[in-house]
1. Using the heavy atoms of the protein chains alone and a 1.4 angstrom probe, what is the accessible area of segment 110-215 per residue in square angstrom?
2. How many angstrom lie between the C-alpha centres of segment 44-117 and segment 155-208?
3. Provide Rg and Dmax in Å for segment 40-132, with only Cα atoms included in the calculation.
4. Just need the relative contact order of the chain here, percent rounded to a whole number, with Cα pairs under 8 Å and 6+ apart.
5. Using only the Cα atoms of segment 145-211, what do you get for the radius of gyration and for Dmax, in Å?
6. How large is the helix-only mean residue ellipticity at 222 nm for the chain, computed as the sum of -39500 (n - 2.57) over DSSP H runs with n ≥ 4, divided by its residue count, in deg cm²/dmol to the nearest 500?
7. Which shape class, rounded, prolate or oblate, goes with segment 70-192 when its Cα gyration tensor gives a ≥ b ≥ c as root eigenvalues, a/c under 1.5 marks rounded, and past that a/b bigger than b/c marks prolate?
8. For segment 1-119, with all protein chains present and a 1.4 Å probe, just round the carbon and sulfur fraction of the accessible area to a whole percent.
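The values are calculated or read from the model by the stated rules, or taken from the named source; none is laboratory data. Computed from a predicted structure; not experimentally measured. Note: ideal-geometry Cβ built from the backbone for every residue, glycine included; neighbour counts use all protein chains shown. Please note that ligands, DNA and RNA were not included when accessible areas were found on the heavy atoms of the full protein model with its side chains. Shrake-Rupley method; radii C 1.70, N 1.55, O 1.52, S 1.80 Å.
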Amino acid sequence: MTDGVRRLVLLRHGQTEYNATSRMQGQLDTELSDLGRRQALAAAQELAAFEPLAIVSSDLRRAYDTAVALGDSAGLPVAIDPRLRETHLGEWQGLTHEDVDAVAPGARAAWRADATWAPPQGESRIDVARRSVPVVRELLDKYEQWGEQPIILVAHGGLIAALTAALLDLPVDRWPVLGGLGNTGWVRLSGYGEEPAWRLDVWNATANVVPDDVL
């Protein structure tokens, strides 16, 4: 094991039609839009230059297709881990923001402000962190040579926020300070020491591509 720095990059998937129409995806298996595919290619070109050590993706196709674009650019295979799936949104999945607000006024705001709060039949951010943090721990054991060359996890905005907060060991009541990520926005963390103490280097970096709100 190394005592040096380890780089970890967390990349959100490209845009989907659900993103474009403010519809709650959760673990529904949606596809990238045309813009999302362009975003994935632009992010792939940027992140391949980091010479990643490995790429691991959520099994949901919007993340996996984003990861494959990166893998093709970097010359790496993509491993799949379903623990990197997005937050399960329970009864909210498939509804628009307006639909949720109509049936449960104030609930979305409560959910965003409290990491312990879950939609009906869904997961909280605490639940999401509980299933995703072991992925990083297992990668530490698997890749003894992990150092400056990053491991890149391709996943979803809610999962990335929860995983980042947990790795940084933020107090749970401060988890909401990590705002939303744009499509193909990425986060970089650096881990120091044999049992890494993680530090946040970058939040919501993006490649030079047309923003979500243009189309």
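1. Here the residues of segment 110-215 average 48 Å² of exposed surface.
2. Rounded to whole Å, the Cα centres lie 13 Å apart.
3. Final numbers for Rg and Dmax: 16.7, 47 Å.
4. 33 percent.
5. So, for segment 145-211, Rg and Dmax equal 12.7, 40 Å respectively.
6. Helices in the chain give a 222 nm mean residue ellipticity of -10500 deg cm²/dmol.
7. prolate
8. 49
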